[in-house]
Every structure is written in C-alpha cells, then in structure tokens.
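Data first, discussion second: the structure below is written as structure tokens.
The values are calculated or read from the model by the stated rules, or taken from the named source; none is laboratory data. As the structure is a computational prediction, the values presented were derived from the model and not from experiment. Here the Cβ is made from the backbone with ideal geometry for all residues, glycine too, and neighbour counts use every protein chain on show. In case anyone asks, the SASA skips ligands and DNA or RNA and just uses the protein heavy atoms, side chains included. Shrake-Rupley method; radii C 1.70, N 1.55, O 1.52, S 1.80 Å.
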Amino acid sequence: PDDHSQHGAKSWRDYFKFNTDHKVIGIQYIVTTFFFFFVGGALAMLMRTELAQPGTQIVDSAVFNGLFSTHAVLMIFVFVIPVFAGIANYVLPLMIGAPDMAFPRLNALSFWMLPMAGFLFLASYFVPGGAFDAGWTGYAPLSTGAPLGQSFFNLGVQFAGASSIATALNFLVTIITMRAPGMTFWRMPLLVWANLS
C-alpha cells in the first residue's frame with residue numbers, strides 16, 4: 001500500500017517542506033513561479049527605467065545585458081512553463097479520479113529542482129565576471145562573454161529542463177495508467193488531453 005503519511009499540509013509551514021501530496025506540490029509550484037515572476041518583473045522595470053532616457057543612467061551596458069538575459073530566463077524557464085505544471089499538478093488527478101500522481105516522490109523532486117534553477121540564474125550576478133549576458137538562448141559567440149555567469153545559466157537550464165521532463169513523465173504515466181474506472185480516453189476533460197499531448 002502507498003504511504004500517505006507525508007500527504008497534505010496542516011499549516012502554512014508545511015508548504016516550505018518536502019511533501020508528496022499533489023495538491024501541496026501544485027500550490028508550491030504556483031507560489032514559487034509567481035515569486036520568480038515578480039523578480040523577473042522587477043528586472044524588467046529596472047531595464048525600463050534605464051531606457052527612459054538616452055544614455056546611461058543606472059546600469060552600464062554589461063549589467064543591462066545581464067538584466068535582459070536574467071529577466072528572459074526567469075520568465076520562460078521558471079514562470080511560463082512551470083506555472084502550468086503547478087495548475088496541472090493540482091487538478092489533473094482530481095479530474096481523472098486518481099488518488100495522486102503516479103510517482104509522488106518524483107513529483108516532489110521535480111518541484112524542488114525548479115527553485116534551484118531560479119536561484120542559479122539569479123546567483124550569476126554574484127560571481128566574478130557578472131551575470132550571463134547572452135540572452136535566454138545562450139548562443140555562441142555571445143555566451144563566451146561572462147564564462148562563470150554563463151556556467152550558472154547552463155546549470156540553471158539543466159535543472160529547469162530536468163524538472164520539466166520529470167513532470168511530463170509523471171503526467172503521462174498518471175493519465176495513461178491511473179484513470180478511474182469508466183474514465184476512458186474519450187471521456188477525459190480537455191485540460192487532461194492538453195497535458196497528455
């Protein structure tokens with residue numbers, strides 16, 4: 001039998017701990033992604049403030065490129081993609097009648113890789129040579145400008161990618177193998193089909 005002793009949250013502190021309940025993980029995903037959304041938004045506001053007048057007011061060109069790059073990766077890899085994983089984590093088992101996700105521990109691990117990715121992106125500001133400044137794609141030859149900061153970007157993308165792959169695997173196995181009796185593929189809600197595809 002499955003061990004559900006770690007399931008659920010009894011207080012707000014439980015949302016900062018390792019938990020295998022799909023609803024708690026869904027809320028953790030959503031709150032974490034919105035935290036990085038606001039951080040990325042603050043970086044965008046700083047860029048807009050710099051662009052308000054011609055010339056250099058607040059930051060130099062290298063820092064501006066770092067702001068632009070970090071804003072982009074936070075919005076793409078740590079907000080846009082995983083916020084939908086958070087919503088799906090919360091509602092998908094409920095929509096198909098499953099007791100939880102197929103791999104609850106993998107589900108928790110995939111969440112905890114996400115803040116690590118976000119903090120690696122942000123930590124690149126504190127390394128010698130400054131933040132990565134090659135944009136969200138990290139294409140060469142631009143990616144050779146801040147070698148240590150670019151390494152933090154590369155590690156962050158690996159964590160974000162591994163998180164997405166583990167989440168996608170969990171969604172696939174849950175949808176295919178854990179539907180309630182009578183929940184055929186043709187009776188599944190559209191949101192479940194969207195996650196399956």
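In the chain, taking the dipole from charged Cβ atoms about the Cα centre, the farthest positive-side position among Val91, Tyr29, Ile165 is held by Val91. In terms of packing, defined here as the mean over residues of other Cβ atoms within 10 angstrom, the peptides 33-43, 63-73 line up highest first as 63-73, 33-43. Structural descriptor for the chain: relative contact order 23 percent, calculated from alpha carbon pairs under 8 angstrom and at least 6 residues apart.
Modelled spin-label separation between Asp60 and Asp14, with each label point placed 7 Å from Cα along the Cα-to-Cβ direction: 5.1 nm. If you run the Gaussian network model on the chain, springs between alpha carbon atoms under 10 Å, then out of Leu120, Leu148, Leu51 the most flexible one is Leu51. The orientation-averaged shadow of the Cα convex hull for the chain, equal to a quarter of the hull surface, comes to 13.3 nm². What FRET efficiency comes out for Leu94 versus Leu155 if R0 is 30 angstrom and r is the Cβ-Cβ distance? Round to the nearest 0.05. So, using R0 = 30 Å, E works out to roughly 0.30.
When each full DSSP H helix of the chain is screened for a Cα extent of at least 15 Å along its own axis and an average Kyte-Doolittle hydropathy of at least 1.6, the helices passing are 81-96. Within the chain, the longest run free of trypsin sites (Lys or Arg not before Pro) that sit in a DSSP loop with at most 12 other Cβ atoms within 10 Å is 18-197. Residues whose amide H comes within less than 5 Å of that of Asp133, counting only those at least five positions distant or on another chain, are Ala146 (H built at 1.01 Å from N in the peptide plane). Compared with the direct C-alpha span, the chain from Leu51 to Thr177 gains 40.1 nm at full extension, assuming 0.36 nm per residue.
Computed from the C-beta positions of Val80 and Val127 and an R0 of 22 Å, the FRET efficiency is 0.30 to the nearest 0.05.
Once all protein chains are placed together, Trp112 keeps about 90 Å² accessible to a 1.4 angstrom probe. Each Cα pair under 8 Å and six or more residues apart adds its separation to the average, and for the range 83-162 the resulting relative contact order is 28 percent. Here the gap between Arg187 and Ala162, fully extended at 0.36 nm per residue and compared with their Cα-Cα distance, gives a gain of 5.9 nm.
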